[in-house]
Each structure stands twice: as structure tokens, then as C-alpha cells.
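Working notes for the structure below.
The values are calculated or read from the model by the stated rules, or taken from the named source; none is laboratory data. All values reported here derive from a predicted model rather than from experimental measurement. Cβ coordinates were reconstructed from backbone atoms using ideal geometry, including for glycine residues, and neighbour counts include every protein chain displayed. Side chains included, ligands, DNA and RNA excluded: accessible areas come from the protein's heavy atoms. Shrake-Rupley method; radii C 1.70, N 1.55, O 1.52, S 1.80 Å.
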Amino acid sequence: MATVRLHKISKKYGAIEVIRDLDLEVRHSEFVTLVGPSGCGKSTTLRMVAGLEEITSGELYIGDVLANQIPPKDRGISMVFQSYALFPHMTVSENIAFGLKIKKYPRGEILMKIEWAVGLLNLEGLETRLPKDLSGGQRQRVALARALVVEPEVLLLDEPLSNLDAKLRLKMRAELKRIHKKLGATIIYVTHDQVEAMSLSDRVAIMHEGRLAQVGTPLEVYNSPQDIFVAGFIGSPSMNFFNGRITKNDAGLSVDLEAFELDIPQSCWSESANYEEREIVFGIRPEHIYKEAASTPKSFPGNTIDVVIDVVEPLGDRDIVEAKKESSNFTLLLGPEAGATPDKPMSVIFDMAKCHIFDKESEKSILHMSE
């Protein structure tokens with residue numbers, strides 16, 4: 001399997017620049033997901049790697065070879081689309097064998113590869129069926145089998161699970177992880193679903209308005225987002241944000257969020273002092289705000305506030321809770337045992353060891369507090 005390297009890649013449609021100076025390396029046998037909202041350029045980037053879109057400027061390397069001018073069929077790449085793109089008049093076996101026949105593989109080798117792919121993707125007993133006789137998950141596995149039998153240097157997957165229902169998406173995610181582990185394939189995957197990206201990938205490349213906002217492991221982008229966009233995009237429910245400023249009080253330093261104030265841990269005073277009286281955006285994830293209880297972990301005193309519960313969305317194992325404090329509304333993620341009830345008061349604790357401070361003007365991360 002090959003390394004893929006994009007160096008200063010840009011794409012323009014006339015005067016409109018949709019990809020800007022994109023730098024990304026996908027290492028040998030790595031699973032990297034391009035994730036972002038619709039229109040951010042992730043599918044366009046994938047299609048440039050495949051050779052289906054012309055690169056306006058920059059260099060694309062597949063292995064050690066400059067691939068800008070290499071035709072798609074000669075790039076050693078297979079691509080699976082959202083729509084599966086199976087031939088409706090061909091059986092499962094014929095669809096799987098299509099690329100092999102184009103490449104003029106011997107009949108005996110084609111039959112061996114079909115058998116291997118059918119076993120790998122649990123398609124036994126379906127070999128003679130037409131696509132119309134298959135479920136969505138079975139069609140997706142046939143499309144994957146067709147892509148894998150030609151032994152591509154790189155496998156490109158463009159939102160392959162988006163047409164499946166929620167239960168089948170979960171099953172196919174596990175299937176993809178199993179295939180990647182077994183084959184060690186170099187995979188570039190595109191999705192708008194951040195949960196899908198986090199669960200599948202070795203590394204996640206988050207795109208925003210044609211640029212790479214951040215690249216890192218799922219835990220790196222979750223724990224250490226580099227800006228407000230990444231912080232808000234990664235995580236479900238998304239991070240809470242409050243406008244405010246860092247101020248001095250009798251206890252030391254605090255974050256003044258207008259509707260309430262939270263003390264900053266003493267271990268962060270030195271760094272926080274650099275941003276005193278500067279407008280900031282305070283961020284904290286819903287799972288890092290707890291109901292006050294004797295067993296609740298407390299980072300330090302001065303981080304408890306009284307709120308009124310507004311809306312509760314029960315999910316069985318947890319509740320998504322909307323709370324309000326004067327003019328501020330924010331989201332908590334609580335267990336059902338917390339007993340959150342609409343229009344009832346509750347004392348909650350902000351875990352300041354897990355909060356983030358962003359510069360309001362640049363929207364870049366300037367401080368991730370920890371004890």
C-alpha cells in the first residue's frame with residue numbers, strides 16, 4: 001500500500017477557489033478520514049486524488065510518483081461511491097469481477113479473487129443475485145469487494161454509508177474496521193458525520209471552507225481543538241460556548257461570563273494572566289458539566305452554579321439536558337439517575353480542568369486549562 005501526499009493543492013472553478021493550499025500526508029496502511037460540513041471541499045479533494053478532478057495547482061504524490069498527470073486508471077486507486085454504482089444487469093460475481101476482466105486477468109485468477117472477496121465481505125450465497133435483489137448493506141459490500149479485488153495501492157471511500165439506516169451504518173463501520181485491520185490498506189475516507197470519522201480513523205482531517213482546520217488522532221482533535229470551528233464540530237452534543245473575559249477577583253483569577261463567574265485553577269493563573277481583560281470565548285463540553293453530588297469530582301472550589309432545567313431529551317442511557325442561567329443557555333449530558341426535570345432547579349459543577357479558552361477575534365485556542 002502506498003503513501004499519498006498532497007502538497008499545496010488548490011482547486012478553482014473559474015474565479016472561485018474551493019480548495020486552498022491543502023497539505024496532507026496519508027501514510028502507508030493508514031486510515032484517514034476527511035470530515036467537515038457540506039461544501040467544505042472534502043469530496044473534491046478525494047476526486048482530485050482519484051484523478052476525476054483536475055488539480056489547479058500543487059503536487060499530488062502516490063508513493064514516490066508525481067501523479068498530477070497520471071490517468072485515473074493508472075494511479076493504482078479504487079474508489080467506492082455513495083451510490084454504490086453497481087451494474088444492475090450483472091450478478092454479484094460479475095460486478096466483483098468487472099475490474100479484473102478489464103485488466104485482462106486470467107479466468108482462474110479471477111475466480112480465486114471472487115472467492116476471496118466473497119469470503120472477506122460475508123457475501124456467500126449471494127454470488128448469482130442481481131443488485132435489485134440485495135439489501136443496501138449487501139450492495140455496499142459488493143461495491144467494496146469490487147474495489148478490493150484489484151489490489152489497489154489506495155482505497156478511496158466517498159460517503160459510502162450515508163444511504164444506509166442507522167443500525168446498518170453501525171454494522172458497516174465495524175465491517176470497515178475489520179477489513180482495514182485484515183488488509184492493512186491505505187484508506188482515505190470522506191464523510192460529514194463526525195461520529196463516523198472518530199470511530200473509524202487512525203487520524204481525522206477536519207476541513208472548513210476549503211482548508212484543513214486540524215489533523216490529528218480522534219482523541220487529539222477531541223481533547224485539544226485548535227480553534228472554535230473544530231471544537232464545535234467534533235463532539236456530540238457539541239461544545240458549549242460563552243462570550244466573556246478573564247478578570248481578577250478576591251480568590252485570584254476568574255472567567256466572567258456575564259450571567260455567572262467561574263474561578264480559574266491556581267495552576268493556570270500564570271498563563272491566564274496573559275489574557276486578563278481580553279475578550280475571550282469560553283468552551284466546555286456537555287459531558288464536563290456535572291450535577292452537584294457528594295461523589296462528583298471537583299477540580300477546585302468556585303465552579304458550582306444554580307441553573308433551571310429547560311428541556312430534557314431522554315436517550316435511555318443518558319439525557320441531553322438544556323439548562324439556563326439568566327440569559328445563558330447551555331447543554332449538559334447527564335445520566336438518567338440525575339433526575340433532570342423541566343422547570344426544576346439544579347446545582348451543576350463546571351469541570352474547569354476540561355475547559356477551553358479561545359481568542360474571540362481570531363477564534364484560535366489560547367488556553368486549555370488543566371490542574
Condition check for Arg203: over 30 Å from Thr56 (Cα atoms), in contact with a Lys or Arg (Cβ under 9 Å, 6 or more places away or on another chain) and open to solvent by 20 Å² or more (accessible area, probe 1.4 Å):
no
Could you pull out the residue among Gly232, Gly244 that is of a type in the set (Gly, Ala, Ser), under 24 Å from Leu334 (Cα atoms) and open to solvent by 10 Å² or more (accessible area, probe 1.4 Å)?
Gly232
Return yes or no: is Arg146 open to solvent by less than 60 Å² (accessible area, probe 1.4 Å), of a type in the set (Lys, Arg), in contact (Cβ under 8 Å) with a residue 24 or more places away in the chain and within 26 Å of Thr44 (Cβ to Cβ)?
yes
The number of residues in the range 247-259 that are open to solvent by 40 Å² or more (accessible area, probe 1.4 Å) and either closer than 15 Å to His192 by Cα or part of a loop (DSSP other than H, G, I, E, B) (or both) is 3
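Let me confirm something: among Glu115, Glu54, Glu17, which residue is of a type in the set (Asp, Glu) and under 27 Å from Lys177 (Cα atoms)? Show your work before the answer.
Working: Glu54 fails: under 27 Å from Lys177 (Cα atoms); Glu17 fails: under 27 Å from Lys177 (Cα atoms).
The unique qualifying residue is Glu115.
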List every residue pair whose Cβ atoms sit under 6 Å apart, with the two residues 6 or more apart in sequence or on different chains, where the first one lies in the range 265-284 and is touching a residue at least 40 places away in the same chain (Cβ under 8 Å) and under 12 Å from Cys355 (Cα atoms) and the second, anywhere, is open to solvent by less than 10 Å² (accessible area, probe 1.4 Å) and among the small types (Gly, Ala, Ser).
Gly283/Ala231
Among the strands (runs of 3 or more DSSP E) confined wholly to the range 322-371, which include 2 or more residues that are open to solvent by 30 Å² or more (accessible area, probe 1.4 Å) and more than 14 Å from Glu271 (Cβ to Cβ)?
328-334, 345-350
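State which residue is modelled with the lowest pLDDT when the search covers only the range 149-172 and only residues that are assigned to a helix (DSSP H, G or I) and under 27 Å from Gly41 (Cα atoms). Can you show your working first?
Here is the first cut: in the range 149-172, the residues assigned to a helix (DSSP H, G or I) are 166-172.
The next check asks that each one be under 27 Å from Gly41 (Cα atoms); those that pass are 166, 168-170, 172.
Values: Ala166: 80, Leu168: 76, Arg169: 81, Leu170: 85, Met172: 81.
Looking at residues that are assigned to a helix (DSSP H, G or I) and under 27 Å from Gly41 (Cα atoms), I get Leu168.
On the given criteria, is Ser295 assigned to a loop (DSSP other than H, G, I, E, B), open to solvent by 20 Å² or more (accessible area, probe 1.4 Å) and at pLDDT below 90? Let's see the steps before the verdict.
Working: assigned to a loop (DSSP other than H, G, I, E, B): yes; open to solvent by 20 Å² or more (accessible area, probe 1.4 Å): yes; at pLDDT below 90: yes.
The answer is yes for Ser295.
Confirm whether Ser347 is of a type in the set (Gly, Ala, Ser), under 30 Å from Leu253 (Cβ atoms) and more than 32 Å from the chain's Cα centre (by Cα).
Details: of a type in the set (Gly, Ala, Ser): yes; under 30 Å from Leu253 (Cβ atoms): yes; more than 32 Å from the chain's Cα centre (by Cα): yes.
Taking the combined requirement at face value, the residue satisfies it.
For Asp359, indicate whether it is farther than 30 Å from Ala213 by Cβ, among the charged types (D, E, K, R) and modelled with pLDDT of 90 or more.
Numbers: farther than 30 Å from Ala213 by Cβ: no; among the charged types (D, E, K, R): yes; modelled with pLDDT of 90 or more: yes.
So Asp359 does not fit the description; no.
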Just one of (1) closer than 30 Å to Ile16 by Cβ; (2) in a helix (DSSP H, G or I) trips up His180, so point out which.
(1)
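Quick grid of which residues meet (1) small (Gly, Ala, Ser); (2) over 10 Å from the mean Cα position of the chain (by Cα); (3) under 23 Å from Met79 (Cβ atoms):
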{"site": "Thr191", "(1), (2), (3)": "no, no, yes"}
{"site": "Glu209", "(1), (2), (3)": "no, yes, no"}
{"site": "Ser224", "(1), (2), (3)": "yes, yes, no"}
{"site": "Asn243", "(1), (2), (3)": "no, yes, no"}
{"site": "Lys248", "(1), (2), (3)": "no, yes, no"}
{"site": "Ala259", "(1), (2), (3)": "yes, yes, no"}
{"site": "Leu262", "(1), (2), (3)": "no, yes, no"}
{"site": "Pro265", "(1), (2), (3)": "no, yes, no"}
If we keep only residues of the range 8-17 that are at pLDDT below 95 and aliphatic (A, V, I, L, M), then the residue nearest to Ala185 (Cα to Cα) is Ile16
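For every residue, the table says whether it meets (1) among the hydroxyl-bearing types (Ser, Thr, Tyr); (2) at pLDDT below 85; (3) assigned to a strand (DSSP E or B); (4) closer than 30 Å to Leu111 by Cα.
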position	(1), (2), (3), (4)
Arg141	no, no, no, yes
Ala147	no, no, no, yes
Ala174	no, no, no, yes
Val204	no, no, yes, no
Ala213	no, no, yes, no
Tyr222	yes, no, no, no
Phe229	no, no, no, no
Gly232	no, no, no, no
Ser236	yes, no, no, no
